[in-house]
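A short reminder: the numbers here are calculations on the coordinates, not readings from a lab. Quick caveat, the model's predicted, so the values are computed rather than measured. Cβ coordinates were reconstructed from backbone atoms using ideal geometry, including for glycine residues, and neighbour counts include every protein chain displayed.
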Amino acid sequence: MKFVVAVKQVPDTAEVRIDPERGTLIRDGVPSIMNPFDTYALEEAMKWRDELGGAVTVITMGPPQAESVLREAISMGADDAILISDRAFAGADTWATSHTLAAAVNELGDVDAVFFGKQAIDGDTAQTGPSVAASLDWPQITFVGKVRELSSKFITAERYVETGTQVVQAELPVVLTILKDANVPRVPSLRGKMKSRKAQIPVWGLSDLGLTGDETGLNGSPTKVVVTATPDPRTGGQIHQGSAEELASKLADLLLEEGGTS
Amino acid sequence: MDYMLNEDLLAIKEICVEIGEKHILPIRAELDEENKFPREIMDVIAASDLFTIYIPEEYGGTGMGSMALAVATEELSRYCGGIAVSYAANALGAMPILLMGSEAQKKKYLPQLASGEKLCAFALTESEAGSDAGGVKTRAIKDGDHYILNGTKQWITNGGEAQIYTVIALTDPDRGARGASAFIVEEGTPGFSYGKKEDKMGIRASATRELIFEDCRIPAENLISREGFGFMVAMKTLDNSRPGVAAQAVGIAQGALDEALKYAEQRKQFGVKINSFQGLQFMLADMGTQIEAARALTYAAAGLIDTGSKDIVKVSAMAKVFASDVAMKVTIDAVQILGGYGYMREYPVEKMMRDAKITQIYEGTNQIQRSVIAKAMIKEAKRK
């Protein structure tokens, strides 16, 4: 089986603060990590590789320093990795990113499944996985909490959605987005770390993927960020005291005053 | 302090931190409370290749040696002394095979230990043979191409959990210590069973159990080295493993200091953080200094072993005695700094204090270590 895992390097949001004046992230001195949801995608792909045989290739689109998450993936047990990096990819929104990642999957060829984390903790869009599936014109199963069965032809997976669990079957090749319920990611191994230090990681740019500058990066992004703003912090509030009956009736009055309907 | 650890040692450290944070922290209190062996953590340790580091590459290991083992043991001990010893006791059990085993024994057993497929334990102590290892009573009688073992080993770390045991037994009781021999005994051998599992003060995640041999027949090829070499195998094993106990002590102490520093930064009394009080600062300073000195001595001993030096007896004993005394003192002080909270099970330092105590006792009490050190010093002085 040929599995691809798409990972993203993100700032460790546990360490990020917001600049209150400018409404932007203060990224100085914040460590970069593999998007935590992607570790479940990687584990799921490796789990099925270990079961069925084959190889797991990890890809990421990002600046040259994003290579470190690929080495981390190799230390956890991925077979190889490709960095998708080019100045022409900079400033991409989810559409341009997906278009580029899909081109990389096509370039790899004969891929059986592409695994994504359910979303990235920086942008939180959860769009890239589904959008890559659309670009490739492959079926997609999102929010996968459990892969029940995987063979060379079919996959049966459980989607954990608000209303319950959906059991979905799809033909391969397929795109999956994985929830943290799916598994417990393995710890990197010593041999994996030794291998990751020596691993040659190819860099694929615009021409390697047969794309043009109009389809990628800022130029290929239909989304434009107009303004980033921080909502005003909540102020005040009222504190009322009294018995439960008094408070219930007071609360009802207040809600009606605020323009509620009776 | 930066010890300029190479990339491999740093990788080992990172792996242990990841195992500690993700797998040990969430369950260490429960394992301690329930006296429960960390089987699932041993599986994680196996998958992360940590069992490979003390086994040469030709037998399925990564052959990184004593320093690597010390770094791993120290780092795991910061999280739980009981889990760390369950790990390190595998190296102790494998040591007789590593040091004195035949090529066939190495080929048969070491790869299974490197992969973590099987766990290992070393069995020397008996009810009447502790510091005086010469008091071993377990007998091994040659019977054709077999030996028949009879006797009981006591307080065996990883007992009941390991599948491969290196056991010291007498082949010639008339010759005392010179009549002892070392054997490999596999779990499941008829006549080999487990006795009671001990309920201990500390390192409660580790299994400590009796091994009972009743007419237990093992193949003669399981003899390590030669008849009569058992005591030498045991002493060499312990000389090589003592920096491991030292590393465990350093790790436990570091874990306690980290907790004390964290608490002293958060806790306010008289309107200020308690780490602003000089009385407490002096305690923290001593704890930090003692740990660093213990670590430096431990790394020096482990490093010397890795050079292949034969002159390791004194420094191994020094590292063990110093680091374990430091661990006891530092953990007691950590409980003191956390005050009433430190005495409560809800906080981890009382466990660390209980865990620290054994490092002064096992693999040779600190009194025995001191007499080993003194004898070595006196011998050296005579040579001059």
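Go through the stretch A:156-166 residue by residue and turn each phi into a ³J(HN,Hα) via Karplus (6.51, -1.76, 1.60, θ = phi - 60°); whole Hz please, and just put x for glycine and proline.
10, 9, 9, 9, 8, 10, 3, 8, x, 10, 9
Using θ = phi - 60° and the Karplus relation 6.51 cos²θ - 1.76 cosθ + 1.60, list the HN-Hα couplings for the stretch B:163-169 in order, rounded to whole Hz, with x at every Gly or Pro.
Coupling constants for the stretch B:163-169: 10, 10, 10, 9, 10, 9, 9 Hz.
Whole angstrom only: what separates the Cα centroid of the stretch B:23-66 from the Cα centroid of the stretch B:328-384?
23 Å
What is the sum of charges around residue B:384, taking Lys and Arg as +1, Asp and Glu as -1, for the other residues whose C-beta is under 15 Å from the C-beta of residue B:384?
Here the count lands on +2.
Of A:83, A:10, A:134, which is farthest along the charge dipole of chain A in the positive direction, counting Lys and Arg as +1 and Asp and Glu as -1 at C-beta?
Projecting each Cα onto the dipole axis, the largest value belongs to A:83.
Quick one: Cα convex hull volume of the protein assembly as shown, Å³ per residue?
240 Å³
Counting DSSP beta bridges with both partners in the protein assembly as shown, what percentage is antiparallel, nearest 5?
65 percent
Of the options A:103, A:56, A:66, report the single residue whose Cα projects farthest towards the positive end of the charge dipole of chain A (beta-carbon charges: Lys, Arg +1; Asp, Glu -1).
A:56
Within the set of other residues whose C-beta is less than 15 Å from the C-beta of residue B:265, count the net charge using Lys and Arg as +1 and Asp and Glu as -1.
For residues surrounding residue B:265, the net value is +2.
Within the stretch A:1-110, what percent of beta bridges assigned by DSSP are antiparallel, to the nearest 5?
So the antiparallel bridges in the stretch A:1-110 amount to around 40 percent.
Of all beta bridges DSSP finds with both residues in chain A, what is the antiparallel percent, to the nearest 5?
45 percent
Determine which aspartates and glutamates satisfy two conditions relative to residue B:118: a Cα distance under 14 Å, and not lying fewer than 8 residues away in the same chain.
Partners found: B:40, B:43, B:49, B:161, B:186, B:187.
Return B:365, A:142, A:230, B:208 ranked ascending by Cβ neighbour count within 10 Å, so the fewest neighbours appear first.
In order of increasing Cβ crowding within 10 Å: A:230, B:365, A:142, B:208.
Which listed residue (B:348, B:157, B:326) has the Cα farthest towards the positive end of the charge dipole for chain B, taking +1 on Lys and Arg C-beta and -1 on Asp and Glu C-beta about the Cα centre?
B:326
When the dipole is taken about the Cα centre of the stretch B:233-384, and only Lys, Arg (+1) and Asp, Glu (-1) are charged at their Cβ, what size is it in debye, to the nearest 20? It would help to have the intermediate numbers written out before the result.
Details: 21 positive and 15 negative charges, 120 e Å.
It comes to approximately 580 debye.
Report, ordered by chain and residue number, the lysines lying within cross-link reach of residue B:382, taken as a straight Cα distance under 18 Å and ignoring same-chain residues fewer than 8 apart.
B:314
Counting residues in the stretch A:103-183 as N, plug N into 2.2 N^0.38 Å and put the Cα Rg over that result.
Values: Rg = 12.4 Å, N = 81, 2.2 N^0.38 = 11.7 Å.
Normalised by 2.2 N^0.38 Å, the Cα Rg of the stretch A:103-183 equals 1.06.
Over chain B, calculate the relative contact order: mean separation of alpha carbon pairs under 8 Å at least 6 apart, over the residue count, as a percent. List each step's numbers first, then the result.
Values: 766 pairs, mean separation 64.3, N = 384.
Computed value for chain B: 17 percent relative contact order.
If you place +1 on the Cβ of every Lys and Arg, -1 on the Cβ of every Asp and Glu, and leave all else neutral, what size is the dipole of the stretch B:256-300 about its Cα centre, to the nearest 20 Debye?
For the stretch B:256-300, the charge dipole is close to 180 debye.
Taking every pair of alpha-carbon atoms in the stretch B:241-358, give the share separated by more than 17 Å as a whole percent. Show your work: numbers first, answer last.
Numbers: 3758 of 6903 pairs.
Cα-Cα pairs of the stretch B:241-358 separated by over 17 Å account for 54 percent.
How compact is the stretch A:2-209 by the rule of thumb for globular proteins, expressed as Cα Rg over 2.2 N^0.38 Å?
The stretch A:2-209 yields a ratio of 0.99.
Kindly put B:321, A:114 in sequence by how many other C-beta atoms sit within 10 Å of each C-beta, fewest to most.
Arranged by neighbour count, lowest to highest, B:321, A:114 become B:321, A:114.
Whole angstrom only: what separates the Cα centroid of the stretch A:35-92 from the Cα centroid of the stretch B:97-112?
Measuring centre to centre over Cα atoms gives 38 Å.
Note down, for chain B, the three equivalent ellipsoid semi-axes (square root of 5 times each alpha carbon gyration tensor eigenvalue), biggest first, whole angstrom.
Here the semi-axes work out to 36, 22, 20 Å.
Restricting things to Cα coordinates, could you compute the convex hull volume per residue of the stretch B:18-163 in Å³? Each step should come with its number before you reach the end.
On the way: hull volume 18.9 nm³, N = 146.
Looking at the stretch B:18-163, the number lands at 129 Å³ per residue.
Going by Cα centres, the stretch A:211-258 and the stretch B:155-224 are how many Å apart?
If you average the Cα positions of each part, the centres end up 68 Å apart.
So for B:213, A:115, fewest C-beta neighbours within 10 Å to most, what's the order? Numbers along the way, then the final one.
On the way: B:213 26, A:115 29.
Result, fewest neighbours first: B:213, A:115.
With a point put 7 Å past each Cα toward its Cβ, work out how far residue A:251 is from residue A:226 in nm, to one decimal.
Each label point is offset 7 Å from its Cα along the Cβ direction, giving 3.8 nm.
Tell me the Kirkwood radius of the stretch B:86-219: reciprocal of the mean inverse pair distance over distinct alpha-carbon atoms, in Å.
Result for the stretch B:86-219, one decimal place: 15.0 Å.
Give the lysines whose C-alpha is closer than 29 Å to that of residue A:146, dropping any in the same chain fewer than 8 places away, or say none.
Partners found: A:2, A:8, A:47, A:118, A:180, A:193, B:22.
Given charges of +1 on the Cβ of Lys and Arg and -1 on the Cβ of Asp and Glu, with all other atoms neutral, how large is the dipole of the stretch B:157-226 about its Cα centre, in debye to the nearest 20?
Charge dipole, the stretch B:157-226, about its Cα centre: 260 debye, nearest 20.
In cubic angstrom, how much convex hull volume per residue do the alpha carbon atoms of the stretch A:113-256 span?
Given the Cα convex hull of the stretch A:113-256, per-residue volume reads 291 Å³.
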